[in-house]
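To start, the structure itself, in structure tokens.
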Number of protein chains: 2
Amino acid sequence: MTFFNMINIPIVLASQSPRRADILRQAGLQFRAISSPSDERFVAGMPPFQIAEYLANNKMQKSLHLKQNNEILLCADTIVVYEDTIYNKPKDEDDAIRMLSTLSDNTHTVYTGVSIAYKDHLVSFTEATQVTFCKLSEKVIRSYMNKFNLMDKAGAYGIQEGIGLYAVQRIVGCYFNVMGLPIHKVLHVIENL
Amino acid sequence: MTFFNMINIPIVLASQSPRRADILRQAGLQFRAISSPSDERFVAGMPPFQIAEYLANNKMQKSLHLKQNNEILLCADTIVVYEDTIYNKPKDEDDAIRMLSTLSDNTHTVYTGVSIAYKDHLVSFTEATQVTFCKLSEKVIRSYMNKFNLMDKAGAYGIQEGIGLYAVQRIVGCYFNVMGLPIHKVLHVIENL
């Protein structure tokens, strides 16, 4: 489609994440958000770099009936991977401290899987960003935990606030991918539908 | 100082940039913003990577009398450099189109120079981030220009909105440095004062 069509076409975002909604807003796109069925089981033994896209495609299958014919449906799933271990949302504060202590002074990878449907097109892809953390003491982690909610975020941090601003020394790749939606790639996939 | 002191100490931000204020807010810091004297002349022949820090130190010299003894004064200046040419705020729409067309399909460097004063400490540094743009057509540039203000930004783009989300394929380094304040390094410098 043309660039002009792209920025005017209605998008259905199958995600309740306020961060994904913010990114679409910053891009100047028209969208409505719907809640997506969250089924985060995955096939045992699946390589970590395939899981986010697998989960995004699962959401797509379960949400496809909720879009109108002229709308684009956009599904995404983000996971944090360090040394072949997947870090989801922490279970409790101790779990958050364990996660952040492991990521401390190391480089991990954030994968977002995206699935996009429009008319007879269905496209999915994975975007990876490397994130390097500085050394984090337990005292610093606890201080941030008192001021910011770390419980609703994969890997127990948001790159855009609080401990993310303190911890992230450097990234290689797309920043918005770490926030949950690789917007550059999303726009270019839509433009080429 | 201790981490606890750092997040409670009052900061004076010598910048009217709403983006720098947003970053300090996202970091959970206490601050007040003052307007800083903008004197963007620099010494002819100065290497581009030294200019941002030179300008930040200039702002510091002119603003130092505006802070109280218990406050930290924070000055910053951001420039965009591609092939030894410095891209400041565009003069007009044609200038913005020329800048973005030059940055299109290439990698440029964003330098932010920072100067920090607290009691008898004065620290300055430069942070560099590499930014890679995809190919931008004049039609796409004009479409974004109609929806977003590109005139108040060095290099005629903001990485956090509009054409920045479309153009930026990948960065290497600190994202917030491109927005105007390398917050990771700023926090660690303050923590070590």
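The table that follows gives values for the structure above.
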item: Amide H within-cut-off set for residue B:136, under 5 Å, with H built and near neighbours excluded; result: B:105
item: Relative contact order for chain B, counting Cα pairs under 8 Å that sit 6 or more residues apart, in percent; result: 23
item: Quarter of the Cα convex hull surface for the protein assembly as shown, i.e. its orientation-mean projected area (nm²); result: 19.0
item: Convex hull projection area averaged over all views, chain B, Cα basis, nm²; result: 10.6
item: Residues of region B:145-180 buried by at least 20 Å² on assembly (accessible area, 1.4 Å probe, chain alone as reference); result: B:147, B:148, B:160, B:165, B:166, B:169, B:170, B:171, B:172, B:173, B:175, B:176
item: Centre separation in Å (Cα based) which lies between region B:40-94 and region A:174-193; result: 32
item: For region B:1-128, accessible area per residue (1.4 Å probe, heavy atoms of protein chains only), Å²; result: 48
item: Eligible aspartates and glutamates near residue B:67 by straight Cα distance, threshold 14 Å, same-chain separation 8 or greater; result: B:120
item: Cβ-vector label at 7 Å, residue B:54, separations to other copies in nm; result: 5.6
item: Accessible surface of the protein assembly as shown [probe 1.4 Å, protein heavy atoms]: carbon and sulfur percent; result: 47
item: Minimum Cβ-to-axis distance in chain B for the rotation onto chain A, with residue, whole Å; result: B:175, 2
item: Size-normalised alpha-carbon gyration radius of region A:127-193, reference 2.2 N^0.38 Å; result: 1.31
item: Label 7 Å beyond Cα on the Cβ vector: residue A:84 copy-to-copy distances, nm; result: 4.9
item: Other copies of residue A:8: label-to-label distances in nm, shortest first, labels 7 Å along the beta-carbon direction; result: 5.6
item: Per-residue HN-Hα couplings for region B:168-175 [Karplus 6.51, -1.76, 1.60; θ = phi - 60°; Hz; x = Gly/Pro]; result: 7, 6, 6, 10, 10, x, 9, 5
item: A versus B: buried accessible surface, summed, Å² (probe 1.4 Å, to nearest 100); result: 2800
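The values are calculated or read from the model by the stated rules, or taken from the named source; none is laboratory data. As the structure is a computational prediction, the values presented were derived from the model and not from experiment. Note that we place each Cβ from the backbone using ideal geometry, even for glycine, and neighbour counts take in every protein chain shown. With ligands, DNA and RNA removed, areas are computed over all heavy atoms of the protein, side chains included. Shrake-Rupley method; radii C 1.70, N 1.55, O 1.52, S 1.80 Å.
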